[in-house]
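The values are calculated or read from the model by the stated rules, or taken from the named source; none is laboratory data. Quick caveat, the model's predicted, so the values are computed rather than measured. Cβ coordinates were reconstructed from backbone atoms using ideal geometry, including for glycine residues, and neighbour counts include every protein chain displayed.
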Amino acid sequence: MSRNTGKRCLLHTCCAPCASYVLEYLTPQYDCTLFFYNPNISTKLEYDKRLDELFRYNKDAGFNADIIDGGYDGNIFENAVIGLEDAPERGPRCDICFRLRLAKTAELASDFDLFATTLTVSPHKNTTQINTIGASFEKYLPSDFKKNNGYKRSIELSKQYNLYRQNFCGCRYSVNSCGQRPPVFSRGSLTCS
Ligand code: SF4
């Protein structure tokens, strides 16, 4: 059983399915506050769907953690990745995407003991890439949340709470890499995020 350290963790959160297991894992150890900061998401509609699901899961699963909405400004991401539109997933566009989100979280983490990100629960993302960028900021907690059946557990929880599981990573470029359009609001679909 994990020990409660009494420390405050700012958890960068990309979506409810990824947060599901990570919150379950971290909450016994840390007092978690969720930070939803994702300017990479393709549209405000998609952004709101993911954020709404995060609020719902947080309440329904009984965590009742504080959630900070970092606000949506897709221009921040689009301007940062100019010239990298055709880069493959896990490539240099994702470097910039991770750095944008983790840098903002690190700024806010000055009031916390440490910060982490839910991004490493996904088997579709490069954990080393994420942790290398995270480690360039103070207070970063390296992670590989997919380990020890973390990803499997996130799927179980997503089913249990009927969470919306998007089928693309987030940016408009990742829509094409999944070979499909951004979904109309749907539940229980497969994800590639
Ligand atoms: S594929 Fe995912 S991680 Fe990479 S740039 Fe797009 S949203 Fe960011």
* State whether the residues of region 64-72 include one that is more than 13 Å from the ligand (Cβ to nearest atom), farther than 24 Å from E24 by Cβ and not in a helix (DSSP H, G or I). => yes
The condition of being at pLDDT below 95, within 20 Å of K44 (Cα to Cα) and in contact with a Gly (Cβ under 8 Å, 6 or more places away or on another chain) holds, among R187, R165, only for R165
Suppose the filter is touching a residue at least 60 places away in the same chain (Cβ under 8 Å) and more than 18 Å from L26 (Cα to Cα); does L141 pass it?
no
Of (1) among the hydroxyl-bearing types (S, T, Y); (2) loosely packed, with under 14 Cβ neighbours inside 10 Å; (3) touching a strand residue (DSSP E or B) at 6+ places or on another chain (Cβ under 6 Å), T128 satisfies every one except (3)
